[in-house]
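Some notes on the structure that comes next.
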Amino acid sequence: DQQVKQNSPSLSVQEGRISILNCDYTNSMFDYFLWYKKYPAEGPTFLISISSIKDKNEDGRFTVFLNKSAKHLSLHIVPSQPGDSAVYFCAASSGNTPLVFGKGTRLSVIA
Amino acid sequence: ETGVTQTPRHLVMGMTNKKSLKCEQHLGHNAMYWYKQSAKKPLELMFVYSLEERVENNSVPSRFSPECPNSSHLFLHLHTLQPEDSALYLCASSPSTLTYSGNTIYFGEGSWLTVV
């Protein structure tokens, strides 16, 4: 049973618009959430994280929102750029469990 | 450059071969990991080492054998693999495994393994 779900395998967005990537989780013990970005033939690169004591964390064009009651988090990229085209993985952990990853969402930013 | 280096980047091996994947981290971290990424599947945790001691083994077949000689190096020894073991194998490290919360994992670029 998947504890971290990314239900959209792919997403296409026009350059300059907002990209919204979604992630749902089932384990209420998760208290730390991360987003990773992965280009083809490379390992995942850490992008941004959020602790469960917050509901928003922002870093430049990237913002992660956490809705604990809905067990949902999202990554907003604005404005989207062609270089943002990659696979984005959502991950979650708690004090005694290693990171659990979703299957990823492939983002294509069209110029 | 993430501070985690994996070699080789690509490996083709027969089912009767013995080969090893190597990982080195230059981040001063105390925990190292092996993950497997297969097509259309989430990243699967294989092994976790903390200060050279194995702390997690997620029911990985014995044909995969990890070795952690020190906190900077991690190996994955491969023996009599099957074609379905073909995948991207990712090494990672993090500051600690004392608590996973707040603990960011940094990945290497991966080793593409093809078993023929």
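The values are calculated or read from the model by the stated rules, or taken from the named source; none is laboratory data. These numbers were taken from a predicted model, which means no experiment stands behind them. As a convention, Cβ positions derive from the backbone with ideal geometry for all residues, glycine included, and neighbour counts pool all protein chains shown.
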Taking the range B:18-55 and the residues there that are at pLDDT below 90 and at positive phi, the one that is surrounded by the fewest Cβ atoms within 10 Å (Cβ to Cβ) would be B:40
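How many of the residues making up the range A:19-67 are among the acidic types (Asp, Glu), at pLDDT 95 or above and under 27 Å from residue B:111 (Cβ atoms)?
Step one: list which residues in the range A:19-67 are among the acidic types (Asp, Glu), which gives A:24, A:31, A:42, A:55, A:58-59.
From the residues that got through so far, the ones that are at pLDDT 95 or above too are A:24, A:55, A:58-59.
From what is left, the residues that are under 27 Å from residue B:111 (Cβ atoms) are none.
Selection size over the range A:19-67: 0.
Residues checked against (1) in contact (Cβ under 8 Å) with a residue 60 or more places away in the chain; (2) within 22 Å of residue B:2 (Cα to Cα):
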residue: A:14; (1), (2): yes, no
residue: A:17; (1), (2): yes, no
residue: A:26; (1), (2): no, no
residue: A:34; (1), (2): yes, yes
residue: A:55; (1), (2): no, no
residue: A:62; (1), (2): no, yes
residue: A:66; (1), (2): no, no
residue: A:73; (1), (2): no, no
residue: A:88; (1), (2): yes, yes
Output for Cβ contacts, cut-off 7 Å, separation at least six or different chains, first residue within 22 Å of residue B:82 (Cα to Cα) in the range B:16-29, second aromatic (Phe, Trp, Tyr) and surrounded by 14 or more Cβ atoms within 10 Å (Cβ to Cβ), reads B:20/B:75; B:21/B:75; B:21/B:89; B:22/B:75
Residues of the range B:4-21 being within 11 Å of chain A (Cβ to nearest Cβ) and either part of a strand (DSSP E or B) or closer than 20 Å to residue A:88 by Cα (or both), in sequence order, are B:4, B:5, B:6, B:10
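Kindly indicate whether any position in the range A:77-88 is crowded, with 17+ Cβ neighbours inside 10 Å, β-branched (Val, Ile, Thr), within 14 Å of chain B (Cβ to nearest Cβ) and under 13 Å from the mean Cα position of the chain (by Cα).
Of all residues in the range A:77-88, those crowded, with 17+ Cβ neighbours inside 10 Å come to A:77, A:80, A:84-88.
Adding the requirement that they be β-branched (Val, Ile, Thr) leaves A:77, A:87.
Filter once more, so that each one left must be within 14 Å of chain B (Cβ to nearest Cβ): A:87.
Cutting the leftovers down to under 13 Å from the mean Cα position of the chain (by Cα) gives us A:87.
Yes, some residue in the range A:77-88 is crowded, with 17+ Cβ neighbours inside 10 Å, β-branched (Val, Ile, Thr), within 14 Å of chain B (Cβ to nearest Cβ) and under 13 Å from the mean Cα position of the chain (by Cα).
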Picked from the range A:49-76 (must be among the hydroxyl-bearing types (Ser, Thr, Tyr) and more than 14 Å from the chain's Cα centre (by Cα)), the residue surrounded by the most Cβ atoms within 10 Å (Cβ to Cβ) is A:52
By residue number, the members of the range A:30-73 that are within 14 Å of chain B (Cβ to nearest Cβ), in a loop (DSSP other than H, G, I, E, B) and either among the hydroxyl-bearing types (Ser, Thr, Tyr) or touching a strand residue (DSSP E or B) at 6+ places or on another chain (Cβ under 6 Å) (or both) are A:30, A:31, A:39, A:43, A:44, A:52
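In the range A:3-48, which residue that is of a type in the set (Lys, Arg) and closer than 28 Å to residue A:95 by Cα is surrounded by the fewest Cβ atoms within 10 Å (Cβ to Cβ)?
Taking the range A:3-48 as the starting set, the residues that turn out to be of a type in the set (Lys, Arg) are A:5, A:17, A:37-38.
If we keep only those that are closer than 28 Å to residue A:95 by Cα too, we end up with A:5, A:37-38.
On the way: A:5: 18, A:37: 21, A:38: 22.
Only one residue tops the list, namely A:5.
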Checked the range B:1-59 for anything small (Gly, Ala, Ser) and more than 14 Å from the chain's Cα centre (by Cα); matches are B:3, B:14, B:28, B:39, B:59
Taking the range A:82-111 and keeping residues part of a loop (DSSP other than H, G, I, E, B), more than 24 Å from residue B:58 (Cβ to Cβ) and out of contact with any strand residue (DSSP E or B) (no Cβ under 6 Å at 6 or more places or on another chain) leaves A:111
### Query
For the range B:96-105, does any single residue satisfy the condition of being assigned to a loop (DSSP other than H, G, I, E, B), at positive phi and out of contact with any Phe, Trp or Tyr (no Cβ under 6 Å at 6 or more places or on another chain)?
no
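Would you check if residue A:98 is under 24 Å from residue B:91 (Cβ atoms), of a type outside the set (A, V, I, L, M) and either surrounded by fewer than 18 Cβ atoms within 10 Å (Cβ to Cβ) or within 10 Å of another protein chain (Cβ to nearest Cβ) (or both)? Spell out the reasoning first.
Values: under 24 Å from residue B:91 (Cβ atoms): yes; of a type outside the set (A, V, I, L, M): yes; either surrounded by fewer than 18 Cβ atoms within 10 Å (Cβ to Cβ) or within 10 Å of another protein chain (Cβ to nearest Cβ) (or both): yes.
Yes; evaluated as a whole, the condition is true for this residue.
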